[in-house]
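Accompanying notes for the structure given below.
The values are calculated or read from the model by the stated rules, or taken from the named source; none is laboratory data. What you see is a predicted model, and the numbers here were worked out from it, not measured in a lab. Glycine gets a Cβ as well: all are built from the backbone with ideal geometry, and neighbour counts include every protein chain shown.
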Amino acid sequence: MMAKIVKGSDFKGVVEYILDKNKGTQLVMYEGLFIENNETIAMSFNAQSRMNDKVTKPVGHIALNFSKEDEPRLTNRLMAGIALEYMERMGIRNTQFFIARHFDKEHPHVHIAFNRIDNNGNTISDRNERLRSTRICKELTQKSGLHMANGKDNVKRERLKEPDRTKYELYDILKKEVGRCGNWNVLVANMKRQGVEMHFKHKGQTDEIQGVVFTKNGYHFNGSRVDRRFSYSKIDAALQRNRLEEQKDMTILSHETITPSTSFYSEHNEISNGSLGLLNGSGYNATDAEANQEMADMLRRKKKRKRGMRL
């Protein structure tokens with residue numbers, strides 16, 4: 001299960017989007033609303049939001065997306081139960097809401113519309129909501145015995161709208177480039193060739209870097225917003241690991257290039273000196289030379305096979 005969280009200021013817009021009959025919508029649960037039609041639902045939301053007019057975005061909208069593999073067992077009742085527990089854990093309580101299921105996509109999903117101004121006029125906190133949501137989704141997926149999706153790698157890019165489309169383009173580019181670059185200069189150059197600009201955020205007026213921002217198609221994203229693994233500190237750590245691996249590979253390659261050569265000459269000298277018993281006779285003749293050469297060739301082939309196994 002994955003959640004997409006959106007905040008806004010237009011209750012009428014979100015109500016019409018979620019309850020659009022063209023999406024095969026089924027209203028599965030609601031509370032605190034006058035459910036006669038879209039207009040009365042929006043009026044109910046607006047009336048309560050005026051209890052706290054300091055909040056400019058009182059509209060809460062969350063889409064809970066489930067894996068296609070779980071479709072046979074995901075009844076409206078089960079999905080509503082999961083959605084209610086998700087809301088409770090997220091602190092979305094004592095407020096107006098409705099939950100509706102859509103059938104316009106191949107994967108099962110429900111939409112939650114709620115008032116961020118609760119029944120007492122207090123604001124429902126959105127502090128660290130995305131981090132909390134990710135953790136809660138994982139816990140509820142495991143608790144319900146649902147399929148664990150592979151995160152961003154499983155998202156269908158062609159269905160995305162902006163700015164999500166650009167964010168996932170950045171994710172794909174960064175996943176490839178961060179895995180193969182050894183320093184920031186190379187990363188910056190490679191990203192630029194693919195239409196991505198980068199700039200660093202500094203602490204106050206100092207040179208200390210605290211973050212990185214990526215710009216593509218006119219959209220700006222902090223690294224951690226693209227994905228948690230792409231914060232400045234985590235990219236920096238990954239580049240250092242890549243650099244160490246490169247140095248380690250070069251050291252091994254250098255060792256493999258020099259050591260067999262030295263070993264071969266040592267063994268060749270032993271043959272020439274008769275330490276293998278090939279030249280123990282009092283004289284030296286063509287037969288001895290052929291045997292000597294055959295043994296040297298055999299040892300060379302043996303060393304090549306060993307080198308091949310090590311590589």
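Residues in region 173-188 that are exposed (fewer than 13 other Cβ atoms within 10 Å of the Cβ) and of a type outside the set (S, T, N, Q): 176, 179, 180. Would you say residue 236 is over 23 Å from residue 135 (Cβ atoms), assigned to a helix (DSSP H, G or I) and of a type outside the set (A, V, I, L, M, F, W, C)? Considered against the rule, which asks whether it is over 23 Å from residue 135 (Cβ atoms), assigned to a helix (DSSP H, G or I) and of a type outside the set (A, V, I, L, M, F, W, C), residue 236 comes out as yes.
Which of the residues belonging to region 204-217 are assigned to a loop (DSSP other than H, G, I, E, B) and closer than 16 Å to residue 191 by Cβ? Before the answer, list the steps.
Just the residues of region 204-217 that are assigned to a loop (DSSP other than H, G, I, E, B), to begin with: 204-208, 217.
Once the filter is applied, which keeps residues that are assigned to a loop (DSSP other than H, G, I, E, B) and closer than 16 Å to residue 191 by Cβ, region 204-217 yields only 217.
Within region 39-54, how many residues turn out to be surrounded by 15 or more Cβ atoms within 10 Å (Cβ to Cβ) and not β-branched (Val, Ile, Thr)? Of the residues in that region, 9 qualify. Selection of region 211-223 for residues being touching a helix residue (DSSP H, G or I) at 6+ places or on another chain (Cβ under 7 Å), surrounded by fewer than 16 Cβ atoms within 10 Å (Cβ to Cβ) and under 24 Å from residue 129 (Cα atoms) yields 211, 219. The single condition among (1) part of a loop (DSSP other than H, G, I, E, B); (2) touching a residue at least 40 places away in the same chain (Cβ under 8 Å); (3) of a type in the set (Ser, Thr, Tyr) that residue 141 does not meet is (1).
Once region 144-158 is narrowed to residues that are surrounded by 10 or more Cβ atoms within 10 Å (Cβ to Cβ), in a loop (DSSP other than H, G, I, E, B) and not charged (D, E, K, R), the residue that is modelled with the lowest pLDDT is 149. Residues of region 55-73 that are at pLDDT below 95 and crowded, with 22+ Cβ neighbours inside 10 Å: 66 alone.
For the structure I just gave you, tell me whether residue 166 is under 20 Å from residue 90 (Cβ atoms) and in contact (Cβ under 8 Å) with a residue 12 or more places away in the chain.
Details: under 20 Å from residue 90 (Cβ atoms): no; in contact (Cβ under 8 Å) with a residue 12 or more places away in the chain: yes.
For residue 166, the condition - under 20 Å from residue 90 (Cβ atoms) and in contact (Cβ under 8 Å) with a residue 12 or more places away in the chain - is not met.
Candidates are the residues of region 159-188 that are under 18 Å from the mean Cα position of the chain (by Cα), in a loop (DSSP other than H, G, I, E, B) and over 16 Å from residue 229 (Cα atoms); the one that is modelled with the highest pLDDT is 163.
From 229, 193, which residue is under 28 Å from residue 155 (Cα atoms), loosely packed, with under 12 Cβ neighbours inside 10 Å and of a type outside the set (Ser, Thr, Tyr)? Step through it out loud before you land on a result.
Values: 229 fails: loosely packed, with under 12 Cβ neighbours inside 10 Å.
Sole residue among the options that is under 28 Å from residue 155 (Cα atoms), loosely packed, with under 12 Cβ neighbours inside 10 Å and of a type outside the set (Ser, Thr, Tyr): 193.
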